[in-house]
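Have a look at the structure below, then the notes.
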Amino acid sequence: MSKTHFGYQSVDEAEKAGKVAQVFHSVASKYDVMNDLMSFGLHRVWKKITIARANVRPGQKILDIAGGTGDLAAAFAKAADWGCNPEAQVWLSDINASMLGVGRDRLLDRGLALPCVQFDAEKIPFPNNHFDVVTVAFGLRNMTHKEVALGEMCRVIKAGGRVLVLEFSKPDTFLQPAYDAYSFKVLPWLGEKIAQDSESYRYLAESIRMHPDAETLKDMMLGVGFDEVETHRMTGGIVALHIGIKY
């Protein structure tokens, strides 16, 4: 059986999805609180930039993959005039039932009964050329076959559509020592104190190190069918936004 990585561990490919699922079942209820603490609130800025660059217009169709607690989907619903414009579609999706349930409930609390669907991003259950915009924020690195998932995202967007991938990346060299110390000492400690789960946040730090850097990810996206890929490194390269465009 083929091997892949789960953080720094080498595991059978068939095991990875289950292990990632355990992580997110564990952290779902504290997801937003931990994100604010871990990033000093910067994750909200990164997502606002992603939302702005998505440039969603009224009546468009949007799919948010690995949508977590639904913050991007809520912003897209407003931009697409969902609920008023009959052409608008905004779907929240996640592979993890716990995360999807939290996201659905948060959206309902905002008065947004958006459709929610659970699926593996390597097998997106929508037809070719269906969406104007597809987004995935901090979810790609957890996928076993990233090229397959990216190819699926490319498949389901229309000509002229765009896929936005917001993900942790490789920071500038001068930041690396402090970033490593924070990742491997502070994050597990926060995980233990806030979510009673240090190991899930140790996995987070390791999964970031195993994720491709910005240029490698750009090449991967071009290799699966995108005609153009814009790369925007932010906060010293700690995160990167990739925008894949299909002509």
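The values are calculated or read from the model by the stated rules, or taken from the named source; none is laboratory data. Just so it is clear, the structure is predicted and the values come from calculations on it, not from any experiment. Cβ coordinates were reconstructed from backbone atoms using ideal geometry, including for glycine residues, and neighbour counts include every protein chain displayed. When the accessible area is computed, the model is the full protein with side chains, heavy atoms only, and any ligands, DNA or RNA have been set aside. Shrake-Rupley method; radii C 1.70, N 1.55, O 1.52, S 1.80 Å.
Annotations
- Positive dipole terminus of the chain, leading residue within Leu107, Tyr8, Val239 (C-beta point charges): Leu107
- For the chain, DSSP calls about 50 percent of its internal beta bridges antiparallel.
- When the Cα positions of Gln60, Ala79, Ser39 are compared along the charge dipole of the chain, Ala79 comes out farthest toward the positive end, with charges on each C-beta of Lys, Arg, Asp and Glu.
- Each residue of region 152-168 was assigned a 3J(HN,Hα) from its phi angle through the Karplus curve 6.51 cos²θ - 1.76 cosθ + 1.60 (θ = phi - 60°); the sequence is 5, 4, 5, 4, 8, 8, 6, 4, x, x, 9, 10, 10, 10, 9, 7, 4 Hz, with glycine and proline shown as x.
- Centre-to-centre separation between the Cα atoms of region 83-99 and those of region 151-207: 23 Å.
- Sulfur and carbon atoms: percent of accessible area, region 176-222 [1.4 Å]: 59 percent
- Only lysine pairs 8 or more places apart, or on different chains, with alpha-carbon atoms under 25 angstrom apart are counted in region 119-185, and they number 5.
- Accessible-area composition of region 54-111, carbon plus sulfur, in percent [1.4 Å probe]: 49 percent
- The order of the peptides 163-169, 101-107 by mean Cβ neighbours within 10 Å, most packed first, is 163-169, 101-107.
- Top positive-direction residue, dipole computed over the chain with Cβ charges, set Val90, Gly223, Met210: Val90
- For the pair Met210 and Arg53, the difference between a 0.36 nm per residue extended length and the Cα-Cα distance amounts to 53.9 nm.
- Dipole magnitude of the chain about its Cα centre (Cβ charges: Lys, Arg +1; Asp, Glu -1), debye to nearest 20: 380 debye
- Computed from backbone phi with θ = phi - 60° and the Karplus coefficients 6.51, -1.76 and 1.60, the 3J(HN,Hα) list for region 60-65 is 7, 10, 10, 10, 9, 9 Hz; x is used for glycine and proline.
- Calculated FRET value between Asn129 and Asp81, using beta carbons and R₀ = 22 Å, to 0.05: 0.50
- Cβ-derived FRET efficiency at R0 51 Å, Asp227 paired with Asp36, nearest 0.05: 0.90
- Extension gain for Thr4 to Phe184 (0.36 nm times residue separation, less C-alpha to C-alpha distance): 62.6 nm.
- Note on region 97-174: with charges restricted to the Cβ of Lys and Arg (+1) and Asp and Glu (-1), its dipole about the Cα centre is near 100 debye.
- Per residue, the chain exposes 44 Å² of solvent-accessible protein surface, assessed with a 1.4 angstrom probe and all protein chains in place.
- A Förster radius of 25 Å combined with the Cβ-Cβ distance from Ala14 to Gln196 puts the calculated FRET efficiency at roughly 0.30.
- Note on region 63-77 and region 211-247: Cα centroid distance 20 Å, given to the nearest whole angstrom.
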